[in-house]
Amino acid sequence: MLDNNFWKKYFQVYDVLNIVIPYQELLDAIIKEAEIKDGDVILDAGCGTGNFELRLKKDKPELKIKVIGLENCVDGLEIYKKKIKGANVRLADLTEKLPFENNYFDKIISNNVLFTIAHEKRLDILEEFHRVLKPGGKIIISNVICGFSAFKVFVDMIKKEIDKFGYLQFFSLFFKMFVPVMKIFYYSSLIKKECDFGDFRFMDEGEQARKLEKAGFKNISEDKIVYVGQAILNIAEK
Ligand SMILES: C[S@@+](CC[C@H](N)C(=O)[O-])C[C@H]1O[C@@H](n2cnc3c(N)ncnc32)[C@H](O)[C@@H]1O
């Protein structure tokens with residue numbers, strides 16, 4: 001069910017996440033851990049509509065870097081190209097050999113992608129990430145875990161938006177965004193249903209770190225709990 005058609009529909013409202021504070025904090029955590037510097041070539045694997053690059057450009061406009069967004073849903077990439085002038089995107093499938101030479105990237109980031117892909121394919125994907133990463137390069141990977149609750153993210157979002165904007169501004173923003181926000185949480189519930197009862201599985205605790213090690217990565221960090229306790233982030237090196 002988490003096929004291109006699903007993502008196509010989801011992408012029609014996906015970018016409302018850019019005002020969802022917990023999601024923005026998650027992107028900030030990835031950017032911080034990536035320690036990005038001038039000249040870095042970065043792969044955003046499963047880039048969706050390009051929110052990582054959008055946030056990075058906003059946070060660090062001074063950096064001269066090259067981000068390549070890879071995604072197998074053309075609709076996501078179309079939105080990406082509209083949002084980011086001169087975007088460098090590739091339509092490709094992560095479950096196949098990646099269209100890059102060995103040791104090409106300084107950094108690889110992948111946010112909430114692997115959990116949407118069947119368990120048995122995840123290690124092969126990490127091995128491909130290892131192949132295309134430069135020696136000494138870094139991977140930052142985050143995925144939602146078993147027991148994921150979109151509701152917890154929703155409640156945290158409301159608390160933080162009120163703190164940031166005050167009640168009045170929050171309510172006017174919330175009413176404007178009500179329908180897309182509700183759709184986001186509806187699609188999240190479909191993902192959860194698919195992960196609980198369908199062919200897909202959220203990341204098990206420790207799975208990410210174990211698979212990174214098996215794929216050949218070293219200096220693998222402890223599991224870092226992010227996204228209101230709903231996701232695990234690991235950092236590792238080649
Ligand atoms: C939950 S979205 C996350 C998007 C983005 N990384 C973000 O942080 O907003 C999962 C993304 O993984 C992509 N994806 C899933 N399976 C894929 C595959 N086999 N190859 C490439 N992209 C894939 C989906 O199309 C979707 O854009």
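The values are calculated or read from the model by the stated rules, or taken from the named source; none is laboratory data. Owing to the predicted nature of the structure, the values given are computational and were not obtained by experimental measurement. Because the Cβ atoms are built from the backbone with ideal geometry, glycine has one as well, and the counts that use them run over all protein chains shown.
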Legend entry - Residue count for segment 210-238, restricted to those that are within 17 Å of the chain's Cα centre (by Cα), closer than 13 Å to ILE141 by Cβ and of a type in the set (Gly, Ala, Ser): 2
Inset, instruction - Check segment 108-129 and report whether any residue there is of a type in the set (D, E, K, R), within 16 Å of the ligand (Cβ to nearest atom), crowded, with 20+ Cβ neighbours inside 10 Å and under 24 Å from GLN24 (Cβ atoms). - result: no
Inset, instruction - Being free of Cβ contacts under 8 Å to residues at least 40 places away in the same chain and in a helix (DSSP H, G or I) is the filter here, so list the residues in segment 92-124 that pass it. - result: GLU120, LYS121, ASP124
Inset, instruction - For residues that are part of a strand (DSSP E or B) and free of Cβ contacts under 8 Å to residues at least 40 places away in the same chain, scanning just segment 31-68, find the one that is farthest from the chain's Cα centre (by Cα). - result: LYS66
Inset, instruction - Please give the number of the condition LEU70 fails out of (1) more than 8 Å from the ligand (Cβ to nearest atom); (2) more than 23 Å from ILE145 (Cβ to Cβ). - result: (1)
Inset, instruction - Filter segment 69-82 down to residues that are among the β-branched types (Val, Ile, Thr) and either within 14 Å of TYR14 (Cβ to Cβ) or in a loop (DSSP other than H, G, I, E, B) (or both), then give me how many there are. - result: 1
Inset, instruction - Answer yes or no as to whether LYS60 is more than 14 Å from the ligand (Cβ to nearest atom) and either closer than 20 Å to TYR104 by Cα or at pLDDT 95 or above (or both). - result: no
Inset, instruction - Within segment 5-40, track down each residue that is more than 13 Å from the ligand (Cβ to nearest atom) and closer than 30 Å to GLY136 by Cβ. - result: LYS32, GLU33, ALA34, GLU35, ILE36, LYS37, ASP38, GLY39, ASP40
